[in-house]
Amino acid sequence: MTITLAHYVVLSALLFSIGMIGVLTRRNAIGILMSLELLFNAATINMVAFAKYVTPQEITGDIFTIFIIAIAAAESVLGLAIILALFRKRETINADEMNIMKY
(Lines give C-alpha, C1' and ligand atoms only; values in the text may rest on other atoms or scores of the structure.)
Protein backbone atom coordinates (compact mmCIF):
# COMPACT_ATOMS: atom_id res chain seq x y z
CA MET A 1 0.00 0.00 0.00
CA THR A 2 1.36 3.33 -1.00
CA ILE A 3 0.71 6.48 0.95
CA THR A 4 -0.90 9.10 -1.24
CA LEU A 5 -1.72 12.75 -0.86
CA ALA A 6 -5.26 11.82 0.19
CA HIS A 7 -3.92 9.98 3.24
CA TYR A 8 -2.07 13.08 4.40
CA VAL A 9 -5.09 15.27 3.79
CA VAL A 10 -7.34 12.93 5.79
CA LEU A 11 -4.81 12.82 8.65
CA SER A 12 -4.57 16.59 8.59
CA ALA A 13 -8.35 16.96 8.59
CA LEU A 14 -8.63 14.62 11.58
CA LEU A 15 -5.96 16.52 13.52
CA PHE A 16 -7.57 19.84 12.63
CA SER A 17 -11.00 18.57 13.75
CA ILE A 18 -9.64 17.30 17.05
CA GLY A 19 -7.84 20.60 17.61
CA MET A 20 -10.90 22.68 16.74
CA ILE A 21 -13.11 20.64 19.07
CA GLY A 22 -10.49 21.08 21.80
CA VAL A 23 -10.31 24.84 21.32
CA LEU A 24 -14.09 25.20 21.40
CA THR A 25 -14.81 22.85 24.31
CA ARG A 26 -11.82 23.18 26.66
CA ARG A 27 -12.00 25.46 29.67
CA ASN A 28 -8.41 24.94 30.77
CA ALA A 29 -6.10 27.47 29.11
CA ILE A 30 -3.28 24.95 28.80
CA GLY A 31 -5.66 22.56 27.01
CA ILE A 32 -6.64 25.34 24.63
CA LEU A 33 -2.97 25.97 23.84
CA MET A 34 -2.41 22.26 23.22
CA SER A 35 -5.40 22.20 20.88
CA LEU A 36 -3.99 25.20 19.00
CA GLU A 37 -0.78 23.23 18.53
CA LEU A 38 -2.82 20.45 16.91
CA LEU A 39 -4.27 23.03 14.51
CA PHE A 40 -0.78 24.24 13.59
CA ASN A 41 0.47 20.67 13.14
CA ALA A 42 -2.45 19.89 10.83
CA ALA A 43 -1.53 22.88 8.68
CA THR A 44 2.11 21.80 8.68
CA ILE A 45 1.26 18.28 7.53
CA ASN A 46 -0.79 19.74 4.69
CA MET A 47 2.03 22.05 3.63
CA VAL A 48 4.61 19.28 3.59
CA ALA A 49 2.31 16.85 1.77
CA PHE A 50 1.32 19.33 -0.91
CA ALA A 51 4.93 20.40 -1.33
CA LYS A 52 5.97 16.79 -1.86
CA TYR A 53 3.16 15.68 -4.17
CA VAL A 54 2.17 18.82 -6.08
CA THR A 55 5.36 20.85 -6.50
CA PRO A 56 8.35 18.68 -5.52
CA GLN A 57 10.84 20.96 -7.29
CA GLU A 58 9.87 24.13 -5.44
CA ILE A 59 10.57 24.86 -1.79
CA THR A 60 7.56 27.07 -1.07
CA GLY A 61 5.85 24.38 1.00
CA ASP A 62 8.97 23.91 3.07
CA ILE A 63 9.30 27.64 3.63
CA PHE A 64 5.67 27.85 4.74
CA THR A 65 6.29 24.90 7.08
CA ILE A 66 9.21 26.65 8.73
CA PHE A 67 7.08 29.78 9.01
CA ILE A 68 4.24 27.80 10.66
CA ILE A 69 6.67 26.20 13.13
CA ALA A 70 8.04 29.63 14.05
CA ILE A 71 4.52 31.01 14.52
CA ALA A 72 3.58 28.00 16.68
CA ALA A 73 6.64 28.47 18.86
CA ALA A 74 5.93 32.17 19.30
CA GLU A 75 2.28 31.43 20.07
CA SER A 76 3.26 28.91 22.72
CA VAL A 77 5.69 31.26 24.43
CA LEU A 78 3.31 34.20 24.37
CA GLY A 79 0.32 32.11 25.44
CA LEU A 80 2.19 30.52 28.33
CA ALA A 81 3.44 33.93 29.46
CA ILE A 82 -0.11 35.32 29.45
CA ILE A 83 -1.44 32.27 31.29
CA LEU A 84 1.35 32.50 33.87
CA ALA A 85 0.68 36.20 34.46
CA LEU A 86 -3.06 35.60 34.81
CA PHE A 87 -2.44 32.65 37.13
CA ARG A 88 -0.31 34.83 39.37
CA LYS A 89 -3.04 37.44 39.53
CA ARG A 90 -6.19 35.26 39.63
CA GLU A 91 -4.80 31.85 40.73
CA THR A 92 -6.78 30.00 38.07
CA ILE A 93 -6.21 28.84 34.50
CA ASN A 94 -9.90 28.34 33.76
CA ALA A 95 -10.68 30.34 30.63
CA ASP A 96 -14.22 31.09 31.83
CA GLU A 97 -12.89 32.91 34.88
CA MET A 98 -10.40 35.04 32.92
CA ASN A 99 -12.66 38.00 32.24
CA ILE A 100 -10.11 40.67 33.03
CA MET A 101 -10.57 42.30 29.58
CA LYS A 102 -14.32 42.76 30.05
CA TYR A 103 -14.09 45.76 32.36
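The values are calculated or read from the model by the stated rules, or taken from the named source; none is laboratory data. Just so it is clear, the model here is predicted, and its values are computed rather than measured. When we count neighbours, we look across all protein chains shown, and the Cβ atoms used for this are built from the backbone with ideal geometry, even at glycine. With ligands, DNA and RNA removed, areas are computed over all heavy atoms of the protein, side chains included. Shrake-Rupley method; radii C 1.70, N 1.55, O 1.52, S 1.80 Å.
Can you tell me how many residues within the range 35-57 are loosely packed, with under 15 Cβ neighbours inside 10 Å and closer than 24 Å to Ala73 by Cβ?
Adding up the residues that qualify gives 1.
Taking the range 7-65 as the search range and keeping residues that are in a loop (DSSP other than H, G, I, E, B) and not charged (D, E, K, R), which one is farthest from Thr92 (Cα to Cα)?
Among residues in the range 7-65 that are in a loop (DSSP other than H, G, I, E, B) and not charged (D, E, K, R), the one farthest from Thr92 (Cα to Cα) is Gln57.
Quick check on this structure: which one of Thr2, Thr92 is hydroxyl-bearing (Ser, Thr, Tyr) and surrounded by 13 or more Cβ atoms within 10 Å (Cβ to Cβ)?
Thr92 is the lone residue from the list that is hydroxyl-bearing (Ser, Thr, Tyr) and surrounded by 13 or more Cβ atoms within 10 Å (Cβ to Cβ).
Return the residues of the range 5-22 that are within 19 Å of Ser76 (Cα to Cα) and either buried (at least 17 other Cβ atoms within 10 Å of the Cβ) or charged (D, E, K, R) (or both); say none if nothing qualifies.
Leu15, Phe16, Gly19, Gly22, listed by residue number.
When you go through (1) over 11 Å from the mean Cα position of the chain (by Cα); (2) surrounded by 16 or more Cβ atoms within 10 Å (Cβ to Cβ); (3) at pLDDT 90 or above one by one for Ala74, which number turns out not to apply?
(2)
Just to be sure, is Glu75 touching a Phe, Trp or Tyr at 6+ places or on another chain (Cβ under 8 Å) and of a type in the set (Asp, Glu)?
For Glu75, the condition - touching a Phe, Trp or Tyr at 6+ places or on another chain (Cβ under 8 Å) and of a type in the set (Asp, Glu) - is met.
So which residues in the range 58-71 are open to solvent by less than 100 Å² (accessible area, probe 1.4 Å) and over 14 Å from Glu37 (Cα atoms), if there are any at all?
Thr60, Gly61, Asp62, Ile63
With the checklist (1) hydrophobic (A, V, I, L, M, F, W, C); (2) open to solvent by less than 90 Å² (accessible area, probe 1.4 Å); (3) outside any helix (DSSP H, G or I) in hand, flag the one item Leu86 doesn't pass.
Looking at each condition in turn, Leu86 falls short on (3).
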